[in-house]
Amino acid sequence: MAAFDQLLDPDRASWKLDLSRIRALVSALDHPERACPTVLIAGTNGKGSVAAMVERALRAAGLRTGRYTSPHLVRPEERIAIDGVPVDGAAFERAIEDVLAVEAACLADGRLAEQASFFEAMTAVAYELLRRARVDVAVIEVGLGGRLDATNVCDPVATAIVSVDLDHQAWLGDTRAAIAAEKAAIARPGVPLVLGDLGDEALDAVVAAAGAAGAPLVYAAEGVECVVSGAAGGRLTITLDTATRTYGPVTLALAGEHQVANAFVAVALLEALDDAGIHVDRHAVETGLGDTRWPGRLDRVALSDGRHALLDAAHNAAGARALAAWLGRTAPAAPPLVFAAARDKDVAGMIRALAPVVGDIVVTAFADARAIAADALAVQVRAALAEGGRVERVHVAATTAAALETAWRLSRDIVVAGSIFLLGEAYPLLGRPDPFDAGQFDGTKS
């Protein structure tokens, strides 16, 4: 059995929100999470895009970088990148084997009472691989929440909360304030905490938590002037004036107006790193904004016969609203939507957001126990459409491949959204077996 497959053992839970196991693991590994300065980024949406921008800018500044994000699209190695490139498969397997051996020793001598969860073990592997690569700085995306997320065992030199919205309520709470408080637990005494546009309810909770922790707050948009001077293919050209510098004009690599807000957070984080002795000049920051590749975010895939598929990792209502806004401005006609979702997601909220800008909806299920079965999902989608008086047809497909074929029969331009796991199955079917391979990009997006 491959080492990664051992992490998928059903005896391991996907999530166990408790830091005791990950702390035992990293202690037994002699604390790889302390090997380099770390930037820790939380948020409901946008944290992956911000992590990608920040990592690219640090690399452009001449630093050796590590990046840890989740989940992966196609290959698990995508989760851990060194200098922007997913780790080598053999190195990945060796690190997993070593971490599993340490875990076994901890279970044998009582340092661990039970196996780590999948994500805890994967996070230990990530920190170990970043140490072995001797990176100068690591950019770490929080997996879920913050307070009890495995990534939170590090000692960051800068932190950020990109956004707060309703998602993972079973784990994080039913209100934006409760969710914000969970995310704000990444705050550290004296360590700058950069805030995106959080909304009043969430902001109050974060301000209170940061004050209790002694973390200085940096409001990403405060005092920043932004001029939009052009748009092409959904990508905006902006000039940013902050308190210290002017950036641009630069065309954002990632499409969508919501990426402007993400760029504010990335820039504020990079400027905050200066106090930690990590210097990123203006040109490097502009490279981070303009030369970031982050698949699955308004990613338009062109097939050789002229068909197009837009893939977006809109997996909650807020993400669906951002996708709908983009489609409303750029799509010449309402395209069919291939849709799948995990069991803990707000299907009605996503469908209500997308219904006005898409046509027929093809529901399916990705190959994972967390997926809603296609037939059950169709019931939820039809109910959400009925609330708005819509009469679009809902098609049911057993697999992602069948869903794509159904959508192609309806239009030569389709949208695929609802879960990043759905995108992971769709990319190889669309001729992108490795979406992080720059050679597979068609030039219409980054």
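The values are calculated or read from the model by the stated rules, or taken from the named source; none is laboratory data. Because the structure is predicted, anything quoted here is derived from the model rather than measured. Here the Cβ positions follow ideal geometry from the backbone for every residue, glycine too, while neighbour counts run over all protein chains shown. For the accessible areas, the whole protein counts, side chains as well, though only heavy atoms, and no ligand, DNA or RNA atoms are used. Shrake-Rupley method; radii C 1.70, N 1.55, O 1.52, S 1.80 Å.
Please go through the range 404-426 and pick out each residue that is open to solvent by less than 40 Å² (accessible area, probe 1.4 Å) and either at pLDDT below 95 or within 18 Å of the chain's Cα centre (by Cα) (or both).
Filtering the range 404-426 for residues open to solvent by less than 40 Å² (accessible area, probe 1.4 Å) gives 404, 406-408, 411, 414-420, 422-424, 426.
Those that are open to solvent by less than 40 Å² (accessible area, probe 1.4 Å) and either at pLDDT below 95 or within 18 Å of the chain's Cα centre (by Cα) (or both): V416, A417, G418, S419, I420, L422, L423, G424, A426.
Any residue in the range 229-251 that is of a type in the set (D, E), in contact with a helix residue (DSSP H, G or I) (Cβ under 9 Å, 6 or more places away or on another chain) and over 28 Å from D312 (Cα atoms)? Spell out how you get there, then give the answer.
Our first condition is that a residue be of a type in the set (D, E); within the range 229-251, this holds for 241.
Filter once more, so that each one left must be in contact with a helix residue (DSSP H, G or I) (Cβ under 9 Å, 6 or more places away or on another chain): none.
No, that holds for no residue.
Among the residues of the range 68-92, which ones are part of a helix (DSSP H, G or I), over 13 Å from the mean Cα position of the chain (by Cα) and within 23 Å of A314 (Cα to Cα)? Break it down into steps so the answer makes sense when it comes.
Initial filter on the range 68-92 (part of a helix (DSSP H, G or I)): 76-79, 89-92.
Among the residues that remain, those that are also over 13 Å from the mean Cα position of the chain (by Cα) are: 76-77, 89-92.
Once the filter is applied, which keeps residues that are part of a helix (DSSP H, G or I), over 13 Å from the mean Cα position of the chain (by Cα) and within 23 Å of A314 (Cα to Cα), the range 68-92 yields P76, E77.
Look through the range 1-45, keep the residues that are crowded, with 16+ Cβ neighbours inside 10 Å and among the hydroxyl-bearing types (S, T, Y), and return whichever of them is nearest to E93 (Cα to Cα).
Per the stated criteria, the residue is T38.
Can you tell me how many residues in the range 107-126 are more than 18 Å from the chain's Cα centre (by Cα) and at negative phi?
Restricting attention to the range 107-126, the residues satisfying the condition of being more than 18 Å from the chain's Cα centre (by Cα) are 107-117, 121, 124-125.
Now restrict to residues that are at negative phi: 107-109, 111-117, 121, 124-125.
Within the range 107-126, residues that are more than 18 Å from the chain's Cα centre (by Cα) and at negative phi number 13.
Go through the range 247-270 and report how many residues are open to solvent by 30 Å² or more (accessible area, probe 1.4 Å), over 18 Å from A221 (Cα atoms) and either in a loop (DSSP other than H, G, I, E, B) or aliphatic (A, V, I, L, M) (or both).
Step one: of the range 247-270, the residues open to solvent by 30 Å² or more (accessible area, probe 1.4 Å) are 249, 251, 257-258, 261, 264.
Now drop any that are not over 18 Å from A221 (Cα atoms), which leaves 251.
Right, trim to either in a loop (DSSP other than H, G, I, E, B) or aliphatic (A, V, I, L, M) (or both) and you get none.
Of the residues in that region, 0 qualify.
Being more than 21 Å from the chain's Cα centre (by Cα) and exposed (fewer than 15 other Cβ atoms within 10 Å of the Cβ) is the filter here, so list the residues in the range 187-200 that pass it.
Our first condition is that a residue be more than 21 Å from the chain's Cα centre (by Cα); within the range 187-200, this holds for 188-192, 200.
Correct list: P189, G190, D200.
Go through (1) part of a helix (DSSP H, G or I); (2) open to solvent by 30 Å² or more (accessible area, probe 1.4 Å) for A113 and report which single condition fails.
A113 satisfies every listed condition except (1).
Select from the range 199-229 the residues that are out of contact with any Gly (no Cβ under 9 Å at 6 or more places or on another chain) and part of a loop (DSSP other than H, G, I, E, B) and write down the one among them that is modelled with the lowest pLDDT.
G199
With surrounded by fewer than 16 Cβ atoms within 10 Å (Cβ to Cβ), outside any loop (DSSP other than H, G, I, E, B), modelled with pLDDT under 95 and not charged (D, E, K, R) as the only criterion, which of A383, A401, A369, A376 stands out?
Details: A401 fails: modelled with pLDDT under 95; A369 fails: outside any loop (DSSP other than H, G, I, E, B); A376 fails: modelled with pLDDT under 95.
Result of the check over A383, A401, A369, A376: A383.
Given the conditions (1) farther than 27 Å from R79 by Cα; (2) buried (at least 18 other Cβ atoms within 10 Å of the Cβ), and given that T237 satisfies all but one, which numbered condition is not satisfied?
So T237 meets the others, but not (2).
Select from the range 53-104 the residues that are surrounded by 18 or more Cβ atoms within 10 Å (Cβ to Cβ) and among the β-branched types (V, I, T) and list them in ascending order.
V54, T65, T69, V74, I80, I82, V87, I96, V99, V102
Would you point out the residue of the range 136-161, among those that are open to solvent by less than 10 Å² (accessible area, probe 1.4 Å) and of a type in the set (V, I, T), that is farthest from the chain's Cα centre (by Cα)?
Selected residue: V137.
Would you tally the residues in the range 1-51 being in a strand (DSSP E or B) and hydroxyl-bearing (S, T, Y)? If you could, list the steps in order and put the result at the bottom.
As a first pass, look at the range 1-51 and keep what is in a strand (DSSP E or B): 38-42.
Now drop any that are not hydroxyl-bearing (S, T, Y), which leaves 38.
Within the range 1-51, residues that are in a strand (DSSP E or B) and hydroxyl-bearing (S, T, Y) number 1.
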